[in-house]
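The values are calculated or read from the model by the stated rules, or taken from the named source; none is laboratory data. Everything quoted here is computed from the prediction, not taken from an experiment. FYI the Cβ positions are ideal-geometry reconstructions off the backbone, even for glycines, and counts take in every protein chain you see.
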Amino acid sequence: MTVGIIGAGISGLTLAYELQKQGIHYQLWEASAQPGGYIQSRREQAGASSGGSYLLESGPNSLLGDSALLEWIDELGLAPEVLFSKPVSKARFVFRDGRYRELPSGPPSLLFGRFFSWKTKLAIWRERSNKTLSPTGETLAQFFRRRFSQELVDYALGPFVAGIYAGNPEQLLVSETFPILLRYEKEYGSVIRGLIKNQSKTERRQSFSFKNGMQTLTDGLAARLTNLSLNTPVEQIVPVQAGWQVTVGGKTEVVDKLVIAVGTEAAAQLVAPYNDTFATRLRAVVYPPMSVVHSVYNRAAVDHSLNGFGGLNPKMEGQFAAGHIWSSSIFDGRCPADEVLFTTFVGGTQSARNARQQDDVLLSTVHQELTKGFGIRAGSGPVFQSVRRWERAIPQYDAAIVAVKEPVILAEKDQLFVCANWYGGVSLSDCIQKAQKMAPQLKNNLIIANL
Ligand SMILES: Cc1cc2nc3c(=O)[nH]c(=O)nc-3n(C[C@H](O)[C@H](O)[C@H](O)COP(=O)(O)OP(=O)(O)OC[C@H]3O[C@@H](n4cnc5c(N)ncnc54)[C@H](O)[C@@H]3O)c2cc1C
């Protein structure tokens with residue numbers, strides 16, 4: 001049996017590696033010259049005045065993983081490269097009333113701290129006796145308003161969802177993003193009660209990267225693969241009696257099973273001749289744009305302690321950026337010790353226009369916002385700044401993505417499968433887990449798509 005895999009992002013690479021381990025023959029095709037998809041780490045040298053060297057992430061900055069994921073990374077031989085986030089980065093900050101304030105991290109600080117009003121604290125306390133149940137198609141914002149308060153939606157959920165999905169909680173569905181909340185509501189009659197009951201059962205996941213950045217993972221996977229072809233875009237796929245005929249570089253080959261591990265736009269183009277409805281639904285999936293701005297300053301020029309992960313900007317605070325990660329507070333070795341590195345995210349569904357501003361506007365507006373938000377001394381410009389743009393950043397798990405499930409399940413009957421971040425979870429750990437699960441299922445001809 002041969003499995004064809006289209007796309008060597010983390011999803012396709014993991015699937016290929018797992019199939020190889022099981023002795024299943026595969027062929028992985030990647031359109032670009034480099035494997036990894038959104039995972040791109042790069043080193044940049046600063047100008048002569050600073051002389052620093054910076055490790056910059058254009059895409060994901062970290063992975064959230066449990067012990068099983070860490071064991072898998074060990075199996076890849078990458079354990080010595082793992083870099084855990086520093087303990088100080090546990091604190092999360094949110095912009096409110098003109099400054100970054102620390103978000104409560106647990107029940108005591110939530111109920112007794114000063115971040116939330118008494119009304120919200122009371123709503124959290126009373127949530128345990130809220131007997132309502134989620135209707136089908138409920139959005140995250142509707143869920144949190146129904147069980148908690150608008151303030152929680154505005155100042156905790158909204159920024160959090162913008163941080164993970166670059167999305168809008170008024171559009172993202174609770175069933176597609178955090179189904180565990182629905183389970184808690186159903187099984188325990190309360191999210192708070194569900195969290196407490198499961199606290200000891202759920203393994204705490206750790207946030208980590210690698211000494212040379214996230215690309216260590218995808219480069220490491222790619223280096224172990226025997227059948228990865230780079231610079232090889234798949235041009236066409238056609239179902240045939242024996243499986244699928246795949247066209248690459250004008251030549252065709254036939255595989256028994258075919259896995260799509262590309263974004264929805266590329267997937268739509270490939271499946272259109274096979275199933276037009278599938279293609280139409282894929283084209284309806286929304287990906288907002290996101291610009292990632294890296295800014296480095298002399299440590300002495302920044303007043304703020306930067307003791308935390310970063311600062312998120314709620315929509316109603318009217319900031320230009322969606323938020324800033326304090327990269328040098330999270331991981332060692334991102335910039336020289338006497339400097340600090342900010343990674344700023346501009347865009348997402350709620351401020352797509354900002355992401356598309358010209359480079360000079362992006363850089364200067366981010367500098368102004370950092371200056372005000374973190375007390376950067378007047379006249380202290382960044383010693384280094386750069387922009388990386390993603391026109392299509394993250395697929396939105398809203399109503400449009402639900403419509404894609406049906407054709408994905410139907411395609412399985414024709415031996416066409418999906419292993420990508422728009423199906424069953426967007427995070428890197430979701431993508432890895434889905435691929436790990438899919439490999440033995442492909443080997444044993446089991447049903448896969450029922451998520
Ligand atoms: C700015 C940003 C920050 C993020 N931060 C985090 C984070 O901190 N933590 C986290 O867990 N997640 C994060 N994510 C999400 C995560 O990076 C993605 O969900 C994940 O990398 C997607 O991987 P994938 O393999 O499914 O798809 P992709 O990475 O999109 O890979 C698809 C691959 O298919 C190739 N391809 C396309 N068409 C063809 C074709 N016709 N033939 C052959 N190959 C083709 C592409 O070149 C690409 O390499 C972030 C995403 C972005 C954009």
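For this structure, a couple of remarks:
- Residue within region 37-57 that is in contact with a His (Cβ under 9 Å, 6 or more places away or on another chain), within 13 Å of the ligand (Cβ to nearest atom) and under 20 Å from Gly220 (Cβ atoms) present: yes
- Where a residue in region 31-52 is at positive phi and at pLDDT 95 or above and its partner, wherever it lies, is assigned to a strand (DSSP E or B) and within 14 Å of the ligand (Cβ to nearest atom), with Cβ under 6 Å and at least six apart: Gly37/Gly9
- Cross-chain or 6+ apart pairs with Cβ under 8 Å, region 1-24 first and under 11 Å from Ile432 (Cα atoms), then among the basic types (Lys, Arg) and within 16 Å of the ligand (Cβ to nearest atom): Ser11/Lys434
- Yes/no for Glu203 being under 30 Å from Tyr17 (Cα atoms), in contact (Cβ under 8 Å) with a residue 60 or more places away in the chain and not small (Gly, Ala, Ser): yes
- Hey, Ser295 part of a strand (DSSP E or B), touching a helix residue (DSSP H, G or I) at 6+ places or on another chain (Cβ under 8 Å) and polar (S, T, N, Q) or not: yes
- Qualifying positions in region 352-401 - of a type in the set (Lys, Arg) and in contact with a helix residue (DSSP H, G or I) (Cβ under 8 Å, 6 or more places away or on another chain): Arg377, Arg389, Arg392
- Only listed residue being assigned to a loop (DSSP other than H, G, I, E, B) and more than 17 Å from the chain's Cα centre (by Cα), chosen from Ser351, Ser380, Ser328, Ser364: Ser380
- Evaluated against (1) charged (D, E, K, R); (2) closer than 26 Å to Arg43 by Cβ; (3) away from the ligand (no atom under 14 Å from the Cβ); (4) crowded, with 17+ Cβ neighbours inside 10 Å, Arg389 falls short on exactly one condition, (3).
- In region 399-434, residue farthest from Val174 (Cα to Cα) [restricted to those that are in a loop (DSSP other than H, G, I, E, B), of a type outside the set (A, V, I, L, M) and within 14 Å of the ligand (Cβ to nearest atom)]: Cys419
- Helices (runs of 4 or more DSSP H) completely within region 161-274 that count 2 or more residues being more than 16 Å from the ligand (Cβ to nearest atom), aliphatic (A, V, I, L, M) and in contact with a helix residue (DSSP H, G or I) (Cβ under 9 Å, 6 or more places away or on another chain): 179-188, 191-198
- Criterion: near the ligand (Cβ under 8 Å from one of its atoms), crowded, with 21+ Cβ neighbours inside 10 Å and of a type outside the set (Ser, Thr, Tyr) - qualifying residue of Gly12, Gly4, Gly65: Gly12
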